[in-house]
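Quick notes on the structure that follows.
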Amino acid sequence: MADDSYGMAESGGMDEPVPRVSVEDSLVAPAGWEPAPVFEHRVLKSLLGAWALAACSAEEALAVEEHLGGCGACADEARRLREAVGLLQRPESLDLDPGLRTRVLAGCLDRRPPRIAVPEWATSYDAETARLDALLQDFGDAEWHAPVRLRWFERDTTATRRTTVAGVIAHLLAVDGLVAVALGLSDPLGDVTDGADATPAGRTEAYWRAAHFPPTRSVRTPWRKQGRDIVRTASFTGCGSGDRRVPYGDFELRLRDALLDRAFECWVHAEDIAGAVDYPYTPPSPRHLNAMIKLAVRMLPHTLAARRRAGLASAVPHRHLVPAGEPGRSLRLEIEGNGGGEWLIPLDSPAALGSAQHEVAHVALDGAEFCRLAAGHVSPAEAAAGQVGDREAIKDVLFAAASLSRM
């Protein structure tokens, strides 16, 4: 602690005059303040390297910086050292790229293919669960309990549900369990679903209700094991297993499509989690993203028909039904960017064929924007789309894309 009489000369006797005290010297030092330590010039010069690397103690850094203000030679040396350090340092984050595991495995498998290969239709699920698991690797308790708001589109309005990072993983565990059961694996929910709604939302709500306490980081272990078991079982049962049916409560998907659907949901919820903890997260590889977009496009005609039966689609006086397999009124959907493409969507019947000769509208969407729309994270009215042609047809397709989303 500094002496409060700092600046006052020690008197050798009563007759020795006391030096004049300046206003600055008379100020009382704040609590905890101490004067900077005094170092010789040679010591300060030897500390310049450590200072440039930000390796000095607080006292040493303060002494060096005060010295640089009055010593031109040392200031020039310090500037050169700082510039050299800047050339040595990497500007990128030291965090591992979440896609590193996928690239390393791909390189290894190119050199030595596995004895039992993962079916192509299961690779996107394998990659997305691995990427999410890498994101979760270093989460502490605070991150696991970070709030997350799930969003989806339901009957032309946005629906939300608040949970936590751990709650999102519990949701993925519950819905992935539908695929696990279809493959003959045990249901992670056990008897929890007895009498409960068998839809993804119903299973999730039943699992959350059955827990005595909110989900914690412990949910990662069963979710991770289930994902590995699903991929392993799909690999051992072979490509033919991709046609078996997976019930989703009110509809069914082939196993190959169900795993694409689960890969898409895993990516979407990984972005939800990354956003909750302020961490960057990249889209899937173009190959996997393209497969996910193709699945959504294939589901659009059936979703349009379901919305029409529910009275949610536009009334089209000139709707033209054609025999199954015949060309009918169509909308050209153009998805731009990585994983994109062009598709002709039959508008009046899922059994009709898309036809360029019967094209009545054209919609262009960025790939990421289309995925956000299909995930229910952006409303059809907010989707940044280039639109030409029949406005009602465009509206129906955009709303059908948003209706693909669910909790």
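The values are calculated or read from the model by the stated rules, or taken from the named source; none is laboratory data. Note that this is a predicted model, so its numbers are computed, not measured. Every residue, glycine as well, gets a Cβ built from its backbone with ideal geometry; the counts of neighbours run over all protein chains shown. For the accessible areas, the whole protein counts, side chains as well, though only heavy atoms, and no ligand, DNA or RNA atoms are used. Shrake-Rupley method; radii C 1.70, N 1.55, O 1.52, S 1.80 Å.
At a glance:
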quantity	calculated
Residue that is farthest from A170 (Cα to Cα) [pool: residues in segment 218-244 that are open to solvent by 60 Å² or more (accessible area, probe 1.4 Å) and hydroxyl-bearing (S, T, Y)]	T237
Filtered residue count, segment 145-178, keeping only those that are open to solvent by less than 60 Å² (accessible area, probe 1.4 Å) and assigned to a strand (DSSP E or B)	7
Segment 312-346 - residue that is open to solvent by less than 20 Å² (accessible area, probe 1.4 Å), of a type outside the set (A, V, I, L, M) and outside any loop (DSSP other than H, G, I, E, B) and, of those, farthest from L300 (Cα to Cα)	G328
Residue in segment 88-106 that is under 15 Å from S285 (Cβ atoms), outside any loop (DSSP other than H, G, I, E, B) and modelled with pLDDT of 70 or more present	yes
Residue under evaluation S379, criteria (1) open to solvent by 20 Å² or more (accessible area, probe 1.4 Å); (2) more than 25 Å from A270 (Cβ to Cβ); (3) touching a residue at least 12 places away in the same chain (Cβ under 8 Å), criterion not met	(2)
Identity of the residue in segment 194-217, in a helix (DSSP H, G or I) and open to solvent by 30 Å² or more (accessible area, probe 1.4 Å), that ends up nearest to V246 (Cα to Cα)	A201
Selection count, segment 347-363, where residues are open to solvent by 20 Å² or more (accessible area, probe 1.4 Å) and either modelled with pLDDT of 95 or more or part of a strand (DSSP E or B) (or both)	8
Filtered residues of segment 179-193 (kept if in a helix (DSSP H, G or I) and free of Cβ contacts under 8 Å to residues at least 60 places away in the same chain)	A180, V181, G190, D191, V192, T193
